[in-house]
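Note sheet for the following structure.
Just so you know, all these numbers are worked out from the coordinates, no wet-lab data involved. A quick note: this is a predicted structure, and the numbers were derived from the prediction, not measured. For neighbour counting, all protein chains shown are included, and Cβ atoms are generated from backbone atoms with ideal geometry for every residue, glycine included.
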Amino acid sequence: MVKKINKLFRTISEQDSATGASLRLFGRYFTFRKMCKFLRKSQWWSKEEIKKYQLKKLEKLLNHAYENVPYYTKLFNKIGFNLNNFQSFNDLNKIPFLTKDIVRENVEELKAKNYPEHKFECATTGGSTGAPLGFFLEKDVWFAKHMAFGEVFHNRAKCSFLNKFVGIIGTDPICEKQFFGRILMISSFHLKDENLSMLIGKIQRFGPKYIMGYPSAVTILADFINKNNIKHFPKIKAIFCHGETIFEWQRSLIEETFGCKILCSHGMAELCIFAGTCEKSNYYHISPEYGYVELINSDGEVIEKEDELGEIVATGFHNDIFPFIRYKTGDFGMYSNEKCECGRNTKRLKTIEGRIQDFVVTKKNKLMSLTGFHHLIATKSQGIKESQIYQDTEGKIVFNVIKDKDFKEKYIQPFLDSFQKHFGNELDISIKYVDSIPRTKRGKYRFLIQKLPIDFKKYRF
């Protein structure tokens with residue numbers, strides 16, 4: 001049965017067109033509008049109001065899961081979890097984590113039996129770090145609610161989905177207009193020198209209010225504009241980035257090029273977490289209306305203090321048809337306990353580090369974040385057009401490098417020296433010249449190809 005279900009998930013198309021998505025939203029416009037109205041008010045809640053709301057949602061979700069979802073009925077009975085005694089967030093710790101492997105092995109058992117079959121919509125993750133994960137969402141309802149969170153997030157920059165905008169994602173056509181001509185969709189697969197002049201010309205004539213896309217894709221656009229001294233670019237009000245970790249050098253380049261602020265969001269197909277930066281800060285506000293979020297250390301203990309990196313564990317509030325409760329996302333972040341100048345009282349993440357597969361392993365079997373690598377590449381990569389790290393051996397990494405047109409061999413040694421100086425003897429680094437660096441199926445750029453099986457039990461930060 002599991003194999004048949006996984007085969008079904010693999011046949012699902014990667015994404016709807018913008019026009020199709022808009023028509024889909026129209027069918028659930030009341031749900032979308034109601035959620036938007038709620039979120040515009042709830043984003044200014046006090047900490048006490050947030051706590052009260054989340055405890056109520058958790059209690060409702062746990063009761064629903066026990067009564068209607070076979071997996072949780074069996075699990076709660078097995079561990080003796082008494083729903084009548086659920087009083088605080090600490091009580092949630094009694095429930096074991098949900099992992100991707102558990103989901104794969106229990107797809108049918110995780111489906112809520114009080115929903116008719118026609119309400120179930122197949123969905124998958126991107127599978128960029130392994131096999132795609134298949135699961136279910138409540139047909140159309142999930143989309144309307146998720147879009148409401150996106151709309152209110154865009155409102156932070158006085159923008160809306162109804163504005164003209166440029167979207168840069170992994171599409172097949174190099175460039176096409178969608179949503180009745182209000183969206184100019186550009187393929188991240190085709191951001192190459194031979195196409196960029198043409199694409200920028202189309203953006204200039206289109207005159208968008210904002211640009212939305214992967215940070216790596218918008219960076220390529222900004223870099224080309226700077227190198228070619230392109231003038232008369234349309235006045236952009238905001239840049240919205242998602243899908244990848246954004247690094248400070250990228251943020252600086254993009255904001256200086258377009259003369260506006262970047263707002264970044266973090267979400268996932270499993271509908272467990274939505275977080276976004278705001279008008280006043282580059283830290284991520286976790287939306288408490290979307291789900292309940294925890295950070296855990298390598299021993300599975302909940303982290304409360306700031307500046308301690310932990311894995312994001314999330315419980316979603318908007319997919320009762322296939323609940324994810326205490327789901328280990330594989331993403332990492334660290335809290336900020338400072339109050340934001342914007343006035344929102346939500347929990348904030350200083351950083352979202354990305355998947356555990358985005359860490360390299362040193363000679364001492366420690367996990368090392370790639371944040372430092374990105375900064376060095378930005379400042380020491382003269383003559384290098386693109387690069388990607390590959391690791392299949394502990395303590396060793398290979399840089400796959402695409403040469404720029406002004407590349408010279410003498411540029412490589414300072415590049416290597418800067419890394420060895422920064423990381424000492426922790427890593428041995430070698431260079432491999434390549435003609436291209438492929439994107440994922442969804443058009444994302446993966447800076448690290450990690451072939452080592454990363455396991456918290458074996459490796460530590």
Original post:
Given +1 on the Cβ of Lys and Arg, -1 on the Cβ of Asp and Glu, and no further charges, what dipole in debye does the chain carry about its Cα centre, rounded to the nearest 20?
Top reply: 1060
Original post:
Expressed as cubic angstrom per residue, what is the convex hull volume of the alpha carbon set of the chain?
Top reply: 150
Original post:
Distance in nm between label sites at residue 226 and residue 280, each 7 Å beyond Cα in the beta-carbon direction?
Top reply: 2.9
Original post:
Once the Cβ-Cβ distance between residue 155 and residue 308 is put in as r, and R0 is 25 Å, what FRET efficiency do you end up with, to the nearest 0.05?
Top reply: 0.20
Original post:
Of 145/209; 158/235; 209/235, which ones are farther than 18 Å apart at the Cα?
Top reply: 145/209
Original post:
Could you give me the ³J(HN,Hα) list for the stretch 395-401, computed from phi with Karplus coefficients 6.51, -1.76, 1.60 and θ = phi - 60°, whole Hz, x at Gly and Pro?
Top reply: x, 10, 9, 10, 8, 7, 10
Original post:
Where in the stretch 178-282 are there trypsin sites (Lys or Arg not before Pro) that are in a DSSP coil and have at most 12 other Cβ atoms within 10 angstrom of their Cβ?
Top reply: 192, 231, 235
**OP:** Any chance you could run the full-extension gain for residue 452 through residue 341? It's 0.36 nm times the residue separation minus the Cα-Cα distance, nm to one decimal.
**Re:** 35.8 nm
Original post:
What GluC sites (Glu not before Pro) in the stretch 160-248 are in a loop by DSSP, with at most 14 other Cβ atoms within 10 Å of the Cβ?
Top reply: none
**OP:** May I ask you to sort 29, 390, 335 by Cβ crowding, counting other Cβ atoms within 10 Å and putting the fewest first?
**Re:** 29, 390, 335
Subject >> Net charge over other residues, Cβ less than 12 angstrom from the Cβ of residue 82 (K, R count +1; D, E count -1) >> reply: 0
**OP:** Would you list which lysines come within 20 Å of residue 305, measuring only between C-alpha atoms, while excluding same-chain residues fewer than 8 positions from it?
**Re:** 47, 51, 328, 339, 347, 350
Subject >> Selection of chymotrypsin sites (Phe, Trp or Tyr not before Pro), the stretch 142-206, meeting DSSP coil and at most 12 other Cβ within 10 Å >> reply: 180
Original post:
Can you give the helix-only mean residue ellipticity at 222 nm for the chain, where every DSSP H stretch with n ≥ 4 adds -39500 (n - 2.57) and the sum goes over all residues, rounded to the nearest 500 deg cm²/dmol?
Top reply: -10000 deg cm²/dmol
